[in-house]
Amino acid sequence: MHALIHWIRRNRRASLVLVATTVMLLQTKLWKWDGDKMDTMPPLTTATVIHSTPATLNFTPPFHTKGRHILDAKDIPLKLASINWYGASDTDYVPGGLEVQHRDTIAALIRDLGFNSVRLPYADEIVMNNPVIGPSVIAANLDLFSIKREKDEPLRALDLFHAVVESLTAAGLLVIVNNHITQATWCCGVNPCDLSWKNDWFGADILCTVSQTEERWIRNWETVMAPLVSNPLVLGADLRNEVRGLWGTMHWDEWADAAEKASERLLAMNPDWLMFVEGISSANDLSGARTRPVQLSIPGRVVYSAHVYKWSGWGSLRPFSSRTYEDFATTMWKNWGYLLTEEIAPVWVGEFGTPDTPSEGDQNYWRHLMRYLEAMDASWGYWALNARKATGEWESYGLVGDEWDWASVRRDYRLKDLARLGRREEIE
């Protein structure tokens, strides 16, 4: 037995593949894998009226929901026109681009591109280990080192994460914090340790590099959000990215129970936050919310979230890249559109995207999604801003180039279509 444990610890990846293969053979259901010039603002208070980008009306925190809408303190509807800025969930532990541009500069660029909000992912690993951050990955943000040096403390991942949040909100942007993955790495693969918010199943303490219980997941959330309690432009928490069980077996009721438990703990810290609850099957499916809605002690706090990519469509052999619009729209309505049309709750399509050089299937999917989002007037979040992945691979879905500045913005069909969705002026 000791020899077996020693082999497993030294061969984690092979062990995970072995477990995954075993589970696959035991499953009878078909499984499909879902992929892959500066302005300044005065200090913000809860009474501050925020002048947002042209994507929305001006808005006044705090926010709440009613029917299909997110509303501000004056009951003015807010439509989220978001961008995903990833990296704190990956192997460098920090949002991308900070080695090239200052965080304030990137925040201003996001705002000037017309987005009014940012989905900012983190990994549980950066909370549990809070690794020290070296200067190479944040070479354009070395001011953070001087601040820590005065206190004779190292700069850590959470220090950097919270500094980025402050830069974004200082630029007038709303921030939705997202628990993206357990172990800091690219999401999402077939690693059974990262399929949901917890991985305390039998043997996980041996097989998983980062293992956590549901309680630990919630405590991680409390740690991340505690320094942000008084920031009125931190809109809330996207509780977990793309929940999915082994080979797609996650049940909505199980996830809804966990989402309620985590939400109540976070609302005890700040009752004004919104709780974003993604669908199951990699955020494709919110159909379970019809009969089993997420219900919280404070009303008007739940926003549901869906992800839609060209390969999406669990339980079907026909990905969205090859469907007709009518077929696509029917599936969207069953999965999440009904929540809007029946005035049940707001929906934020928090992830979707396509390459800068699209294939025919990419174009088919993109046209259908743009048409449907416009018809539904849904809130949305494009994946992603980044120029490259942590590995150095070119991010074909990204909107900026290696310089992370206005000159490197990829002014292609995607920005034009997003401008139409956000009802803002087209980027020149």
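Where a number appears in this text, it was derived from the coordinates with a stated rule and is not lab data. Values in this document were obtained by computation on a predicted structure and should not be read as measured data. Counting neighbours? That spans all protein chains shown, and the Cβs are built from the backbone with ideal geometry, glycine included.
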Within a Cβ distance under 11 Å of Gln101, other residues only, what is the Lys/Arg minus Asp/Glu net charge? -4
Under a Cβ-Cβ cut-off of 11 Å, what is the net charge of the residues other than Phe63 that fall near it, where Lys and Arg count +1 and Asp and Glu count -1? 0
For Leu274, distant residues with modelled amide H under 5 Å away: Gly236, Ala237
For Arg156, residues with placed amide H under 5 Å, excluding near neighbours: Ile133
State the Cα centre-to-centre distance between region 347-424 and region 131-169 in whole Å. 29 Å
Nitroxide proxy distance, nm - points 7 Å out along Cα→Cβ at Ser146 and Ala73: 3.4 nm
When ranked by the protection proxy of mean other Cβ atoms within 10 Å per residue, highest first, what sequence do the peptides 376-389, 114-127 form? 114-127, 376-389
Averaging the inverse of every distinct alpha carbon separation and then flipping it gives the Kirkwood radius. What is it for region 314-428, in angstrom units? 15.5 Å
Projected area, mean over directions - region 31-422, Cα convex hull, nm²: 18.1 nm²
Under unit Cβ charges (Lys, Arg +1; Asp, Glu -1), what dipole magnitude, rounded to 20 debye, does region 31-422 have relative to its Cα centre? 760 debye
Dipole of region 31-422, positive end: most advanced residue of Ala157, Ala306, Gly203 [Cβ charges, Cα centre]: Ala306
Mind checking which of Leu274, Thr91, Leu228 is farthest towards the positive end of region 31-422's charge dipole, using Cβ charges of +1 (Lys, Arg) and -1 (Asp, Glu) about the Cα centre? Leu274
Here D for region 265-313, in µm²/s, from Stokes-Einstein with a Kirkwood Rh over Cα pairs at 37 °C and 0.692 mPa s, works out to 272 µm²/s
Inter-centroid distance (Cα atoms) of region 183-262 relative to region 79-124, Å: 21 Å
Give me the Kirkwood hydrodynamic radius of region 126-265, using the inverse of the mean 1/r over all pairs of distinct Cα atoms, in Å to one decimal. 16.8 Å
To the nearest 0.05, what FRET efficiency results for Asp377 and Arg318 with a Förster distance of 30 Å applied to their C-beta separation? 0.65
Applying 1/(1 + (r/R0)^6) with R0 = 35 Å to the Cβ-Cβ distance of Asn130 and Glu326, what FRET efficiency is obtained, to the nearest 0.05? 0.10
Test item: Cα-centred dipole of region 89-176, Lys/Arg +1 and Asp/Glu -1 on Cβ, debye: 160 debye
Rounded to whole Hz and in sequence order, give me ³J(HN,Hα) for region 255-271 from the Karplus expression 6.51 cos²θ - 1.76 cosθ + 1.60, θ = phi - 60°, writing x for Gly and Pro. 5, 4, 4, 5, 4, 5, 5, 5, 4, 5, 5, 6, 5, 5, 7, 8, x
Through the Karplus equation 6.51 cos²θ - 1.76 cosθ + 1.60, θ set to phi - 60°, convert the phi angles of region 133-144 into ³J(HN,Hα) values in whole Hz; use x for Gly and Pro. 9, x, x, 5, 8, 9, 4, 8, 10, 6, 4, 5
